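Each value in this text was obtained by applying a stated rule to the coordinates, not by laboratory testing. Keep in mind the model is a prediction, meaning the values are calculated, not measured. Methodologically, a virtual Cβ is constructed for each residue, glycine included, from the backbone with ideal geometry; neighbour enumeration extends over all protein chains shown.
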Amino acid sequence: MSASVPASAPVPAALPTPARPTAKPTSAELLDFVRRTAADTDLIASLPLDAEGRTWVRLEGPHGSEAWLISWPPGTGTGWHDHAESVGAFTTAAGTLKENSLAARLPTDGWKTLELTEGVDRERQLVTGQGRAFGRNHVHEVLNESTVQHAISVHAYYPPLPQIRRYSRTGAVLRLEHVERPEDWQ
Ligand SMILES: [Fe+2]
């Protein structure tokens, strides 16, 4: 017995549109998101500040990205780290942050210490309203060098951070110290 559909079978007038997979946000879209979020003065003002250490609130980023609102008391910083395979963006919403970064593509795995070549260091000051996007395996540290003023920033990463590798740095030598997983910061 044949199971074929007769040629005269009615065709539905309108087929449901297949669900589009969620678009992956680009780092430029993440930068646009953090800029718009940083301009939300009520949200920025709602973040509790603590003179003793950084405070943070998780935000809903675009297209399933991981986003954070972070405060930085004077003199605080992240230390050197990367965000593994995630792309990201951040912007200063209040105060000024300094970013030290490496303009170098580092091997992602299989090393414990690495001697950096000359000329890979980059430094930028991000005053209120200034931000930047970055690609995968971006190695940097972010600091609030002010002695008196808190800084506040907005960050977004996609995909949500699977891990953060933390490094120490002595001169030109970068040393992998430990790897943090999401349960360490969520
Ligand atoms: Fe970072």
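Computed values, structure above
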quantity	calculated
Sum of -39500 (n - 2.57) over DSSP H runs of 4+, divided by residues of the chain (222 nm, nearest 500)	-2500 deg cm²/dmol
Fraction of the pair-distance distribution of the range 105-152 above 14 Å, Cα-Cα pairs, percent	67 percent
Phi-based couplings in Hz for the range 72-79 (Karplus 6.51, -1.76, 1.60; Gly and Pro marked x)	10, x, x, x, 8, x, 8, x
Extent along principal axes [Cα atoms of the chain; Å; largest to smallest]	81, 45, 30
Choice from PRO62, PRO107, PRO162 with maximal GNM fluctuation in the chain (Cα, 10 Å cutoff)	PRO107
Exposure proxy ranking, count of Cβ atoms within 10 Å, fewest first, for GLU60, GLU183	GLU183, GLU60
Fraction of the pair-distance distribution of the range 91-186 above 24 Å, Cα-Cα pairs, percent	29 percent
Geometric extent, Cα atoms of the range 132-186 - Rg, Dmax (angstrom)	13.6, 35
Principal-axis tilt of helix 27-38 within the chain, Cα atoms, nearest 10 degrees	70 degrees
